[in-house]
Structure formats: C-alpha cells, structure tokens
Amino acid sequence: MGGPAVVTVEEVQMPSATKRFCKCWWPIYEPDPHWVPPLIFDRKTFFDPKKNPYFANARVRYYIATRDGRDVGTIAATIDDNLLEHEPGVAMFGYFEFIDDAEVARALLEKAAEWLRSEGLERMRGPYNLSPNHEFGLLVDGFDTDPCVANPHNSAYYPGIYEQIGLVSVKDWYAYWMDNGPVPKTIERIATRFMKRNPSLSIRKVDLSRWDEEIELVYEIYTDAWEHNWGHVGLSREEFLFSAAGMKQIIDPNLCYFAYMGDELAGMSVTLPDMNQVAKKMNGSLFPFGWWHFLRGRKKVDALRILILGIKQKYQRLPLGAPLYLKTWETGMNMAIRGAEASLILEDNHRMRGALEKLGAYVYKTYRSYEFPLQEGVEIQSNKNPSDDQA
C-alpha cells in the first residue's frame with residue numbers, strides 16, 4: 001500500500017489562470033451554506049495588471065496546491081511598495097483557501113514564504129485579498145450567517161489550521177450588527193445637541209450626477225482620516241478611482257452623506273445595500289441567469305453595510321459621527337430592511353466601538369489578522385494571552 005498522496009504547489013500566471021484559481025474554491029465550500037461565490041469575470045479584471053492600477057506598486061505571485069490530480073487550495077503572496085515605506089520587511093498573503101487538511105495549507109504557506117524570503121522580507125501578514133484596501137481578515141467567530149458585501153467568509157476549520165501551521169494572531173476586527181427600529185435615544189440626543197451647538201454643520205447626500213467630483217471628495221477624506229490606522233496601506237488616486245468604479249452600480253445616494261463644517265469638508269459616511277444576497281444566487285457568473293438574479297434581486301435586499309465613516313483628523317475629537325449615523329438610521333427606518341452591519345472595526349478603536357454600542361449595536365462577527373515569520377530571529381507578538389479561549 002502506498003502512503004498518502006503528495007501535495008504539489010505550482011505558480012500560476014494571472015489573469016489567464018483566474019478561472020482555475022477561483023474554481024478551486026467551489027468544492028472547498030460546497031458544504032458551507034454561507035459562502036458567497038465571487039464573480040469570476042470581476043476577479044479576472046481585478047487580477048489583470050493592465051486593468052488594475054494596484055499592480056503599479058505591488059508584485060504578486062499566485063499558487064495552486066494539487067493532490068491526486070485535483071486542485072485543493074490557493075494562496076497569493078504580495079510585496080506592496082506602499083506598505084514597505086511604512087513597515088519595512090512586511091509582506092502580505094491572501095486568497096489562502098484550502099481543504100480541511102493542514103498539510104495542504106502548510107505547503108501553500110511555505111511556497112509563498114519561500115518567494116518572500118528570497119526577496120529579503122521578514123514577515124508576512126494576512127489574509128489580505130490582496131491588501132487591506134480589499135477584502136481582508138480571517139473569520140474566527142460568526143460562521144452561522146452570510147458575510148455582508150465586500151467582506152470575506154471562510155470555513156470554521158480555518159482558524160485551527162492557521163494556528164497549527166504557525167500563524168500568529170496579531171489584531172482582531174469586529175463586525176457590529178444593528179437591528180432596524182427606532183433611533184436610539186442616546187445617539188439622537190448627542191446628534192441633536194451637536195447640531196444645535198454647531199449651526200455651521202451641514203450634511204448633504206452624494207450626488208451621483210457629479211460622480212467624478214464626488215469621488216475626489218471621498219478620496220480627500222480617505223487620505224486624511226485613515227493615515228494612522230494600524231496596517232494601513234495607502235491607495236493611489238488611480239487605485240481609489242478603480243475601486244470606486246466597481247461600487248458605483250450598487251451605491252444608493254440616499255445612504256451616502258458628506259458633512260461640512262462651514263465651507264470645509266469634514267467627513268462622510270457610505271452605507272451599501274448588501275448585494276451579497278444577490279451575488280450568492282449568481283454563483284460566480286452573469287450567464288445564463290446571473291443578470292436575471294442581479295436585476296430582480298437587488299430590490300429584495302434586506303440588509304445594509306455601513307462601509308465608511310470617515311472624519312478628517314482635524315475634526316475627530318468632535319462627535320461628527322452622531323449626525324451621520326442619525327441620517328443613515330432615519331433613512332434605514334423607511335426601508336424594508338432587517339438591520340445593518342458596521343464593519344470592520346479595529347479591536348482597539350474604542351471611540352468607534354463606543355459610538356456603535358451607544359447605537360445598540362453588538363459584535364456578531366470577529367475577523368483576525370495573522371503574521372508569520374520569514375526569517376530566523378523574527379519574533380511576532382500575539383494580541384492573545386495563552387489562556388485566552390480561541391474562537
């Protein structure tokens with residue numbers, strides 16, 4: 001009798017290998033009712049260096065694991081020049097998908113690490129698909145519901161295998177849920193008092209007829225408000241416009257607001273309909289019935305995701321989030337929705353977490369960032385105590 005089949009890992013080239021790379025995930029998630037398949041044509045565009053400006057400042061290698069002639073896992077390794085400017089020696093990994101087998105996961109991780117070591121990197125961080133400006137985080141708690149739009153999902157066995165193969169947890173991110181209902185009195189009181197004391201405050205909806213100008217304002221807030229966040233990787237203007245274009249077709253202007261203090265732009269909020277409810281039924285393709293699901297299903301979406309609440313640093317000590325939340329909440333009350341997710345919130349972002357909890361929001365999903373040492377002597381400090389219960 002022979003031993004277990006050997007796992008082999010090969011590098012593949014994008015965008016030509018997109019379909020094979022992505023289709024590897026379907027059998028992995030076949031038993032999981034909460035996985036939302038990606039749209040393969042969308043991934044093909046995303047992986048194409050000729051179309052996606054992200055690759056002007058990043059190098060990525062993609063790998064597929066095979067056993068017994070069957071594709072059983074994937075990983076991508078990323079060297080991002082913008083990240084290296086702020087955190088020398090740090091690379092990233094993502095699209096790390098694998099069957100329930102630590103040998104497969106270990107082979108993929110080591111193959112990615114091999115290339116990054118040869119490039120002189122000291123540690124890799126993830127999962128990021130491909131950076132923190134895209135889908136990121138490993139789900140470690142909250143496996144019993146579908147992910148909201150632009151958030152990842154993974155099987156419940158992933159965290160255990162991550163730890164088994166030597167990945168170290170470094171940060172947690174929370175997804176908060178708010179049920180639809182009357183505006184919480186606390187946030188209404190804070191917002192009303194702030195607006196009364198600051199008559200120069202004005203809030204307006206996004207104007208989709210002025211898309212190019214509005215997106216420039218969003219970028220202005222983005223470059224200011226997120227600069228000091230942990231693990232932040234700056235987006236070039238071209239990358240930002242590329243990402244924004246992908247969301248244009250699902251934006252509801254009644255859920256997106258700019259806040260001004262006098263004539264000065266101070267902050268904004270962006271809330272999206274949870275189009276994952278539609279994408280799930282499309283099963284990765286527009287054809288033959290994907291378009292039908294998209295056009296018919298978008299009117300039946302019953303959840304929202306608060307994607308952005310950005311306040312310029314100059315105004316971050318003011319409770320500007322309260323009137324923006326109030327506007328969004330009042331709009332949501334008039335829609336046929338169950339509630340809204342606010343995500344992803346860094347574990348030590350106590351100001352944002354406190355504001356959400358005053359709204360009655362509660363953590364219903366936890367995502368985690370991990371690191372892996374690439375060189376001898378590199379130590380990684382875990383954010384978890386040894387005695388902590390692991391999710």
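Key figures
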| read-out | value |
| --- | --- |
| At q = 0.13, 0.18, 0.22 Å⁻¹, base-10 log of I(q)/I(0) for the stretch 82-185 (Debye sum, equal scatterers on each alpha carbon) | -0.55, -0.96, -1.32 |
| Antiparallel DSSP beta bridges within the chain, as percent of all bridges there, nearest 5 | 90 percent |
| In Å, descending, principal axis extents of the Cα set of the stretch 17-84 | 38, 24, 20 |
| Over 21 Å (Cα to Cα) - which of Lys248/Lys299; Lys327/Lys358; Lys19/Lys299 fall in this group | Lys19/Lys299 |
| Length released on extending from Trp26 to Glu85, taking residue separation times 0.36 nm less the Cα-Cα span | 17.6 nm |
| Neighbour net charge for Val7 - beta-carbon separation under 9 angstrom, K R +1, D E -1 | 0 |
| Gyration tensor (Cα) of the chain, equivalent ellipsoid semi-axes in angstrom | 36, 23, 21 |
| Hull shadow area, averaged, the stretch 116-267 [alpha-carbon convex hull, nm²] | 12.9 nm² |
| Test item: Cα-centred dipole of the chain, Lys/Arg +1 and Asp/Glu -1 on Cβ, debye | 1480 debye |
| Of all accessible heavy-atom area on the stretch 1-159, the percent that carbon and sulfur account for (1.4 Å) | 49 percent |
| Cβ crowding within 10 Å averaged over residues, with 30-37, 361-368, 377-384 ranked highest first | 361-368, 30-37, 377-384 |
| Fraction in percent of alpha-carbon pairs per bin - 10 Å, the stretch 194-275 | 16, 45, 32, 7 |
| Packing-based order for 105-118, 254-267, using average beta carbon neighbours within 10 Å, highest first | 105-118, 254-267 |
| Difference of contour (0.36 nm per residue) and Cα-Cα distance, Arg351 to Gln381 | 8.4 nm |
| Point-to-point label distance, Asp179-Arg197, nm (Cα→Cβ direction, 7 Å offset) | 3.2 nm |
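The values are calculated or read from the model by the stated rules, or taken from the named source; none is laboratory data. Bear in mind the structure is a predicted one, so any value in this text is a computation, not a measurement. Ideal geometry is used to build each Cβ from the backbone, glycine not excepted, and the neighbour counts take in all protein chains shown. Just so you know, the surface numbers come from the protein's heavy atoms only, side chains and all, with ligands and any DNA or RNA stripped out. Shrake-Rupley method; radii C 1.70, N 1.55, O 1.52, S 1.80 Å.
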